[in-house]
1. Starting from the Cα gyration tensor of the range 57-190, take the square roots of the eigenvalues, sort them a ≥ b ≥ c, and report rounded, prolate or oblate (rounded when a/c is under 1.5, otherwise prolate if a/b is larger than b/c, else oblate).
2. Please give the length that would be gained between Phe116 and Trp87 if that part of the chain were fully extended, namely 0.36 nm times their separation in residues minus their C-alpha to C-alpha distance (nm, one decimal).
3. Where does each of Arg86, Arg81 land when they are ranked from fewest to most other beta-carbon atoms within 10 angstrom?
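Values quoted throughout were computed directly from the atomic coordinates according to the rules given, and no laboratory measurement underlies them. Here the structure is a predicted model, which is why all the values come from computation and not from measurement. Here Cβ is always computed from backbone atoms with ideal geometry, including for glycine, and neighbour counts include all displayed protein chains.
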Amino acid sequence: MGWRAGGPEDWWPEAHALSAHLRLVLCLCHLCHLWHLCHLWPVPSVACGLCYLWPMDLESVFTLCTTAAMAGWLLLIVAPRWPVTRWAAGLLIPVAISAVYLALIAAHMPGARGGFGALAEVTELFSQPPLLLAGWVHYLAFDLFVGAWEARDAQRHAIPHLLLVPCLLMTFMLGPIGLLAYIAIRAATRRVVAIEV
């Protein structure tokens, strides 16, 4: 069973009336569909029947993953001690985004131009939109996972949340620089060097 031909407007006139939030919910079902298309899951389940109600393109995957990651970052910043935050931002969202990354790599990496042996090869590799998206999704998953660790570690060592927030923002935007900033604040305020997971 493949993608349904045509857009929703061709067979569902009211599609344009759907709110952006409902469109995003429909996109979630495509996680199952991605795995099916990549032969990582033998048969799409009944639960992912909505996969066929909405065509999934690269821009939709980008929007879905970016929105999910931003939700995780928002939880870390405004509700760091809420039990849902530890579960969602620290595990569920990074794992879901990682599954999308796996599907993109499985579908588009074999036979792709470029490689990792030289800067020119990396440039050619990421000149292909599906793999450029995979690179972005890679950053989303790993940066959020690191940010969630920073939040847990800050609570463990009683580091004030106001000191943590700039580190989280930098980790979100600049990855390793945010991690460096947190490690520096951690060492300066608590004289802690050892790292606990």
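1. Prolate, since a/c reaches 1.5 and a/b exceeds b/c.
2. 7.1 nm
3. Arg81, Arg86
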